[in-house]
Amino acid sequence: MNIIYSVQAIFVALFSIIYLPFLNRKKLSLIKDDFLHLCKWQSVSYNLLSFYVTFARMKEFRSIVYNRLGKCRILTCWLFRGQDCLYICTKDIGGGMIVQHGFSTVVNAKRIGKNFHVYQQVTIGFNGSKAPVIGDNVRVCCGAKVIGGIHVGNNVVIGANAVVCKDVPDNVVIGGGYLQK
């Protein structure tokens, strides 16, 4: 482990005490689910030290934690910045979220289920006044666009550069354009 990340992890551990009064069970449970899913995906030990090191090392993970913390994130986000150009606007996201290479990514859905995995340059957002609803165990690959008041089912993979503007059923892989109603 890099010495810089070790020192940062120590600071994260000290600063995490600040957040204890602001963490309710739901927020804490979601953060734990996010970290557990990340640990399984990256084959990392699930413990407090790993949490601090991951928080220090991964800007994308910090952005997820800050989204979970809400307004109280202001206490430390100036010191440990999240990923630039990653916008997580959705408030109702199930546990187990992973952002991989979150550069130039916008996540603005009405609701997202658990175990959501998103890559870089993805846009999830409104088409007029309606935003998508995304189910559980969904993976949205590089450059994909999910637009409008559609429903994306459970256990779905949306391939790289796919454009999705139509409801997606459960247990499918989408590639290319999925536009017609």
### Query
Restricting to the stretch 54-77, what's the tally of residues that are crowded, with 20+ Cβ neighbours inside 10 Å, touching a residue at least 40 places away in the same chain (Cβ under 8 Å) and in a helix (DSSP H, G or I)?
4
### Task
Evaluate the following for Val118: is it within 12 Å of the chain's Cα centre (by Cα), closer than 16 Å to Glu60 by Cα, crowded, with 21+ Cβ neighbours inside 10 Å and modelled with pLDDT of 95 or more?
yes
#### Entry: Meets criteria (modelled with pLDDT of 95 or more and not assigned by TED's automatic domain parsing to the domain that holds Asn155) for Leu38
yes
### Summary
Scanning the stretch 148-161 for residues that are more than 17 Å from Lys114 (Cβ to Cβ) and either crowded, with 20+ Cβ neighbours inside 10 Å or not assigned by TED's automatic domain parsing to the domain that holds Thr105 (or both) gives Ile150
### In the stretch 102-125, the residues that are of a type in the set (D, E, K, R) and not in a strand (DSSP E or B)
Lys110, Lys114
### Query
Based on what the data block shows, is Gly96 modelled with pLDDT under 90 and in the same structural domain as Ile158 (by TED's automatic domain parsing)?
no
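The values are calculated or read from the model by the stated rules, or taken from the named source; none is laboratory data. Remember, it's a predicted structure, so these values are computed and weren't measured experimentally. FYI the Cβ positions are ideal-geometry reconstructions off the backbone, even for glycines, and counts take in every protein chain you see.
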